[in-house]
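J.: Here it is: the structure, laid out below.
The values are calculated or read from the model by the stated rules, or taken from the named source; none is laboratory data. These figures come from a predicted structure and were not determined experimentally. All Cβ positions, even for glycine, are placed from backbone atoms using ideal geometry, and neighbour counts span all protein chains on display. Accessible surface is based on the protein model in full, side chains and every heavy atom, while ligands, DNA and RNA are left aside. Shrake-Rupley method; radii C 1.70, N 1.55, O 1.52, S 1.80 Å.
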Amino acid sequence: MIRTLRILLIILLTLLASGCQNKNSNYQIVFSESDVTPVTSQNSEPFPIRVAISSVLSPSDTVMYYRKIADYLGEKLNRPAILIQRKSYHELSMLMMNGGADIALLSSGAYLTYKQVEGFEAIAMQERMGVPYYYGYLVVNRDSNIIDINNLRGKSVAITDPTSYSSYIFVSEKLADFGETPEHFFGSYVYTYNHENSLKAVIDRVVDAAAVNSLVYEQAKLKNPELADTLQIIAKSEPTGTSPVVISSSLPNEEKKIIRESF
């Protein structure tokens, strides 16, 4: 049963790439937030366990699988489960710090940004494609004549999230090597709040380049081998640990133990 969550998380990543197969498909730059179900308890029923996810790595067609993860945790805790979705990792982190959720699947970048803030703690690392790490890729169309990051001066770039390690943080570190910042170096950049949408943006030539999670890119390439001929990776980050599962520090110790053992 402990491996159930790991299997579901791997299935989620596989589905992330499915939308990248059609080069003419539409994509949405800004996602609206999902409504949060109020936390109430009636007829002496136990309070729900609230599991928060972000659309950065969770397109709408994968919500059913996160629902299964939430239900599994609820069953282990003997509590009903509520699934909460937010657009960005910042909103997800604020939700945890303000007591609006009990469990969240953060990005490694968001965790590094907010880990010193009281309110939540990491209890597990997600494993995807059999490994506990990933890379940031900076990708362009192969026929663009862009061969490295220096060629992107004044160009347009799709960035997934301001606290995503494989996107904004990775690109910022690359530019810092020669004294530049994304704000000054690029002609423009847009936050897509979804790695899949960033990839679509460069495929559809809406932007000149996109900074994406390597796992999303590799899965998309498996689904659509033509991407290997269409796109080119011009920069790659150092490996970093996959997204941590965090829990609210206010949870009872016994529930923390159950959740930790579930992963």
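J.: Calculate the FRET efficiency for Ala176 and Ser249 from the Cβ-Cβ distance with a Förster distance of 30 Å, rounded to the nearest 0.05.
T.: Details: r = 33 Å, r/R0 = 1.10.
Calculated value: 0.35.
J.: A further question on this structure: Would you mind getting the accessible area per residue of the range 180-246, heavy atoms of the protein chains only, 1.4 Å probe, in Å²?
T.: Working: 2400 Å² over 67 residues.
Value returned for the range 180-246: 36 Å² of accessible area per residue.
J.: Under the classification rounded if a/c is under 1.5, otherwise prolate if a/b is larger than b/c and oblate if not, where does the range 196-237 fall, given a ≥ b ≥ c as square roots of the Cα gyration tensor eigenvalues?
T.: Rounded, since a/c falls under 1.5.
J.: With 31 Å as the limit, write out which pairs from Lys115/Lys236; Lys68/Lys236; Lys115/Lys155; Lys76/Lys200; Lys76/Lys221 have Cα-Cα distances beyond it, or answer none.
T.: With Cα atoms farther than 31 Å apart: Lys68/Lys236; Lys115/Lys155; Lys76/Lys200; Lys76/Lys221.
J.: OK, next. Can you order the peptides 204-211, 104-111, 69-76 by their average number of other Cβ atoms within 10 Å per residue, highest first?
T.: Numbers: 204-211: 21.5, 104-111: 25.0, 69-76: 18.9.
Per-residue mean Cβ counts within 10 Å order the peptides as 104-111, 204-211, 69-76.
J.: Now for a different question. What are the ³J(HN,Hα) couplings of the range 69-78, residue after residue, when phi is run through the Karplus curve with 6.51, -1.76, 1.60 and θ = phi - 60°? Round to Hz, x for glycine and proline.
T.: Residue by residue, the range 69-78 yields 5, 4, 5, 4, 5, x, 5, 5, 8, 6 Hz.
J.: Quick check: from the Cα gyration tensor, does the range 173-248 come out rounded (a/c under 1.5), prolate or oblate? Don't jump to the answer; show the numbers that get you there.
T.: Values: a/c = 1.58, a/b = 1.05, b/c = 1.50.
Taking the square roots of the gyration eigenvalues as a ≥ b ≥ c, the range 173-248 is oblate.
J.: Let me ask another. Once both labels are modelled 7 Å past Cα along the beta-carbon direction, what's the His184-Arg153 spacing in nm?
T.: Result for the modelled spin labels: 1.2 nm.
J.: Counting C-alpha atoms alone, how compact is the range 83-126: give Rg to one decimal and Dmax as a whole number, in angstrom.
T.: Reported Rg and Dmax, both Å: 9.5, 25.
J.: Another question, if that's okay. Could you sort the peptides 135-143, 115-123 by per-residue average Cβ neighbour count (10 Å cutoff), highest mean leading?
T.: On the way: 135-143: 20.7, 115-123: 14.1.
Per-residue mean Cβ counts within 10 Å order the peptides as 135-143, 115-123.
J.: Next up: How far apart, in nm, are the 7 Å Cα→Cβ label points at Lys223 and His90?
T.: A separation of 2.8 nm, rounded to one decimal place.
J.: Counting other C-beta atoms within 10 Å, and keeping those with at most 12, which DSSP coil chymotrypsin sites (Phe, Trp or Tyr not before Pro) do you find in the range 150-224? Spell out each step's value before the answer.
T.: Working: sites: Tyr165, Tyr168, Phe170, Phe178, Phe185, Phe186, Tyr189, Tyr191, Tyr193, Tyr217; in loops: Phe178, Phe186, Tyr193.
When the chymotrypsin sites (Phe, Trp or Tyr not before Pro) of the range 150-224 are filtered for loop state and at most 12 Cβ neighbours within 10 Å, Phe178 remain.
J.: Pull up all non-local amide H partners of Phe186: gap of 5 or more, or a different chain, and H-to-H distance under 5 Å with H placed in the peptide plane.
T.: For Phe186, the qualifying residues are Gly154.
J.: By its C-alpha gyration tensor, with a ≥ b ≥ c as the square roots of the eigenvalues, how is the range 131-206 shaped: rounded for a/c under 1.5, else prolate for a/b larger than b/c, else oblate?
T.: Cα axes put the range 131-206 in the rounded bin.
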